[in-house]
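Every number in this text was worked out from the coordinates using simple rules, so none of it is lab data. Owing to the predicted nature of the structure, the values given are computational and were not obtained by experimental measurement. Neighbour counts are summed over all protein chains in view; Cβ atoms, including those assigned to glycine, are modelled from backbone coordinates with ideal geometry.
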Amino acid sequence: MQLRERFTQELKDAMKAGDKRKLGTIRLMQAALKDKDIEARGAGRGETSDDEILGLLQKMIKQRQESVAIYQQNGRPELAEGEQEEIAVIQGFLPKQMDEAETRAAIESAIAETGAASMKDMGKVVGALRGTYAGRMDFGRASALVKEMLPKG
């Protein structure tokens, strides 16, 4: 099932179950997707692909994680909890995340594929990873590992 169809189905299920948090979060996801589709049409591309949707969902999770940190710093645990619940809903649409060993193996493979020889090639490696592992890899953590694994120079 494509992600768009899954959004619609999950939205219906949330309505039937009366799950307001899930319903609101899925509506936010659909609104963000609609914006992305409009942006793609303006650029002359077709509909947003599933890989691009996965990237969008990861961006939404990152935004909420930043909000959680801010709310916790400012003594607003009830708001932080709401953001955590939204993160859980969004993560339900992402494929299983890669663990550290799988991420390292993928990075080694991407370094070999791109012929990266130094830190100057980091963008090529991360770009290759994004193309192949969108939605399954934490690219913040992956970037740090790429820096660690590439020869300095």
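Give me a count of the residues in region 32-52 that are of a type in the set (Val, Ile, Thr) and either exposed (fewer than 14 other Cβ atoms within 10 Å of the Cβ) or in contact (Cβ under 8 Å) with a residue 60 or more places away in the chain (or both). Walk me through it before giving the result.
Pass one, region 32-52, residues of a type in the set (Val, Ile, Thr): 38, 48.
This time we only want the ones that are either exposed (fewer than 14 other Cβ atoms within 10 Å of the Cβ) or in contact (Cβ under 8 Å) with a residue 60 or more places away in the chain (or both), so: 38.
Residues that pass the stated criteria total 1.
For the structure I just gave you, tell me whether Ala128 is without any contact (Cβ under 8 Å) to a residue 40 or more places away in the chain, within 18 Å of Ile61 (Cβ to Cβ) and surrounded by 17 or more Cβ atoms within 10 Å (Cβ to Cβ). Steps first, answer last, please.
Values: without any contact (Cβ under 8 Å) to a residue 40 or more places away in the chain: yes; within 18 Å of Ile61 (Cβ to Cβ): no; surrounded by 17 or more Cβ atoms within 10 Å (Cβ to Cβ): yes.
No; evaluated as a whole, the condition is false for this residue.
Condition check: of a type outside the set (Val, Ile, Thr) and touching a residue at least 60 places away in the same chain (Cβ under 8 Å). Does Gly123 satisfy that? Quick ask: steps written out before the conclusion?
Numbers: of a type outside the set (Val, Ile, Thr): yes; touching a residue at least 60 places away in the same chain (Cβ under 8 Å): no.
Considered against the rule, which asks whether it is of a type outside the set (Val, Ile, Thr) and touching a residue at least 60 places away in the same chain (Cβ under 8 Å), Gly123 comes out as no.
I need the full set of residues from region 12-31 which are crowded, with 17+ Cβ neighbours inside 10 Å and either among the aliphatic types (A, V, I, L, M) or within 16 Å of the chain's Cα centre (by Cα) (or both), in order please.
Residues of region 12-31 crowded, with 17+ Cβ neighbours inside 10 Å: 14, 22-23, 25-26, 29.
Across region 12-31, the qualifying residues are Ala14, Leu23, Thr25, Ile26, Met29.
Looking only at region 76-90, which residues are polar (S, T, N, Q) and either part of a loop (DSSP other than H, G, I, E, B) or within 25 Å of Val125 (Cα to Cα) (or both)? Steps first, please.
Within region 76-90, the first condition is being polar (S, T, N, Q), and the residues that meet it are 84.
Correct list: empty.
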